[in-house]
Amino acid sequence: MTVPPRIPFFPPDLFEGDREVLLGLLRDIGLAPEQRFILGEHTRRFEQLLKESLGAADVVACSSGTSALDLVLAALDVGPGDEVVVPAFGCAPLASSVVHLGATPVFADVRPHTMVADPAEVEKRITERTKAVMPAHIFSVMADMPQFADLARRRGVRLVEDSAVAQGAVLGGTPAGLWGEAGVFSFVQVKSFGMPGEGGVVVTRDAALGERVRMLRNHGQNGHNRFLHHVIGRNSRFDEIQAAFQIHRFGGLAARLERRAAIAEYYTERFAPLAERGVVPPPAGRDGRCYYVYAVLAERRQELERQLRERGIESHAYYPLPLPLQPAFAVYAAPGDRWPHAEEAGRQALALPVYPHLTDAQVEYIADAVCACAAD
C-alpha cells in the first residue's frame, strides 16, 4: 500500500467546511443592533436545542467543561470538610474542581481494561465525610453508571457525572450526562461536538439544580433582574457567536458520531487478535461508547508510538501520571496508597486518530500499521 501523507492525531482543518458560516455569524452578531455577545438569544436557543435532544430538565451553557464541573459541585454545596471520590486516572479538573471549593478529592482506582472508575474501589473510599462521587467517562467507554447510581442511593451520596467527552453516548437507553444529578459536556475544539474555542454545558434532570447553576454562572443573578445577586456566583458565561455556530453544526453531529463509531468498530475488529501480542483494544459494542478518543493498551507503548510516527501516524499518550501522583494533588493522597490499574493505564494507554473525516484508506492504513507494529 502507498504510504499516505502524515496523519495528524487531531486535524488542523476541523472547521474548514464551516468557515464561511462562522465568518458570516461573526459579522452578523458583531453588527447586530443589540450588541449582545454573551448569554443572548443564540445561547438560549442552543440550550433549548440540547435540552430537547436529551430530554433533560435543564441545560446551562457555561465557559468550559472545567467550569461546568465547578458549577455543579458548587450548586450541590460541596465545600470545606467534604470529600468527593474521583478516579485516580483522568484529567486534572476531576480533582481541581473539588479543591477549588475547599473540599478534598479522594482517589479511587479504575478498571484495568476500560480505564474508567471502578464502583467497588469508589465504594471502599466512601466515609462519613463523603459528599459526592464523580465517575468520569474516559476515551471511548462510559463508566458503569447503573452501578454508580445504585451506589449513590445506597450510600446516600450525591452523584456527579463527568461526561465531558461523551456527548452522544447512550448507556442502557439513558444518554450520557443524565445518569447522575448533573453531568457536563465540553466543547473544546477536539471533543466530539467541539467548536473553535472554549465552552461547555451542565445537563440535569433536576430543574431546581439547573436554576441554581444558571445563577452561579452569572454572578448569582437569575437572568430576570440584573444587579440583583441571589448567591455568590462567578463569571462562566457562554459566547453568542459560538452558540450560533454550534446550532448550525448540530444537524451534522449524528453523522459525525456515527463515523467515529464505525472507525472504532473497524479498529476493534482488526485489533482483537493482538491481545496476545500485547496490544488490547477497548471492548467491542456500541452501548455506552463515546468515541471522542480511541485508545489501546500497549505493553510496549513507546515502541508502538515510535513505529507509528515513522509511518506518518501521530498518536497521543494521555495522563501518563495518575492524579494522586501529580505534585499538585499528592498532598491529598494517603501515605502508602496505590492505584495499580491507574498507574498501568498511564504506562500503556495510546490513543489513535478517530476523527470523522479520516478516509477509509487512512483508517485502513492506521489499522495495518498497528497490526504490523504488534507483529514485530
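Pull out all pairs, ordered by first then second residue, where Cβ-Cβ is under 8 Å, the residues are six or more apart or on different chains, the first lies in segment 267-283 and is closer than 17 Å to GLN307 by Cβ, and the second is open to solvent by 10 Å² or more (accessible area, probe 1.4 Å) and acidic (Asp, Glu). These pairs meet every condition: GLY278/GLU299; VAL279/GLU299.
Note on segment 187-211: residues that are open to solvent by less than 10 Å² (accessible area, probe 1.4 Å), under 18 Å from ASP70 (Cα atoms) and of a type outside the set (A, V, I, L, M, F, W, C) total 4. What are the residues in segment 242-258 that are open to solvent by 60 Å² or more (accessible area, probe 1.4 Å) and among the charged types (D, E, K, R), if any? Passing the criteria: only GLU258. If you go through segment 144-195 and keep only what is in contact (Cβ under 8 Å) with a residue 24 or more places away in the chain and among the basic types (Lys, Arg), you end up with ARG155, ARG158, LYS191.
Looking across segment 1-31, just one residue is aromatic (Phe, Trp, Tyr) and at pLDDT below 90, and that is PHE15. Looking only at residues in segment 123-150 that are under 18 Å from ALA182 (Cβ atoms) and among the β-branched types (Val, Ile, Thr), the one that is surrounded by the most Cβ atoms within 10 Å (Cβ to Cβ) is VAL133. Taking segment 226-268 as the range and being more than 18 Å from the chain's Cα centre (by Cα), within 15 Å of PHE15 (Cα to Cα) and of a type in the set (Phe, Trp, Tyr) as the test, only PHE245 passes. Could you check segment 334-362 and list, in sequence order, the residues that are hydrophobic (A, V, I, L, M, F, W, C), in a helix (DSSP H, G or I) and either in contact with a Lys or Arg (Cβ under 9 Å, 6 or more places away or on another chain) or open to solvent by 10 Å² or more (accessible area, probe 1.4 Å) (or both)? Matches in segment 334-362: ALA361 only. Among helices (runs of 4 or more DSSP H) entirely within segment 15-116, having at least 3 residues that are crowded, with 22+ Cβ neighbours inside 10 Å and either free of Cβ contacts under 8 Å to residues at least 12 places away in the same chain or touching a helix residue (DSSP H, G or I) at 6+ places or on another chain (Cβ under 8 Å) (or both) singles out 41-54, 65-75, 93-99.
Is it the case that segment 198-217 has a residue that's over 24 Å from ASP77 (Cα atoms) and in a loop (DSSP other than H, G, I, E, B)? Yes, segment 198-217 has at least one match. Selection over segment 127-143 of residues that are touching a residue at least 60 places away in the same chain (Cβ under 8 Å) and either of a type in the set (D, E, K, R) or farther than 20 Å from TYR292 by Cα (or both) gives a count of 0.
A single entry from ASP28, ASP18, ASP13, ASP58 fulfils the requirement of being of a type in the set (D, E, K, R) and under 23 Å from ARG212 (Cα atoms): ASP58.
Of the residues in segment 273-292, at least one is surrounded by 16 or more Cβ atoms within 10 Å (Cβ to Cβ), in a helix (DSSP H, G or I) and touching a strand residue (DSSP E or B) at 6+ places or on another chain (Cβ under 9 Å).
Among the residues of this structure, ALA295 counts as one that is open to solvent by less than 30 Å² (accessible area, probe 1.4 Å), small (Gly, Ala, Ser) and at pLDDT 95 or above. Only one of the numbered conditions (1) of a type in the set (A, V, I, L, M, F, W, C); (2) modelled with pLDDT under 95; (3) open to solvent by 20 Å² or more (accessible area, probe 1.4 Å) is violated by ALA328, and that is (2).
The residues of segment 156-186 that are part of a loop (DSSP other than H, G, I, E, B) and either among the aromatic types (Phe, Trp, Tyr) or crowded, with 24+ Cβ neighbours inside 10 Å (or both), listed by number, are SER163, ALA164, VAL165, ALA166, GLN167, ALA169, ALA176, GLY177, TRP179, GLY180. Just to be sure, is HIS219 surrounded by 15 or more Cβ atoms within 10 Å (Cβ to Cβ), at pLDDT below 95 and more than 30 Å from LEU14 (Cα to Cα)? It is true that HIS219 is surrounded by 15 or more Cβ atoms within 10 Å (Cβ to Cβ), at pLDDT below 95 and more than 30 Å from LEU14 (Cα to Cα).
Looking at the structure I just gave you, is ALA143 under 30 Å from ASP13 (Cβ atoms) and in contact with a Pro (Cβ under 9 Å, 6 or more places away or on another chain)? In short, no.
The values are calculated or read from the model by the stated rules, or taken from the named source; none is laboratory data. The structure presented is a predicted model; accordingly, all values stated were derived computationally and were not measured. Heads up, the Cβs are rebuilt from the backbone with ideal geometry, glycines too, and the neighbour counts pull from every protein chain shown. For accessibility, only protein heavy atoms count, side chains too; no ligands or nucleic acids. Shrake-Rupley method; radii C 1.70, N 1.55, O 1.52, S 1.80 Å.
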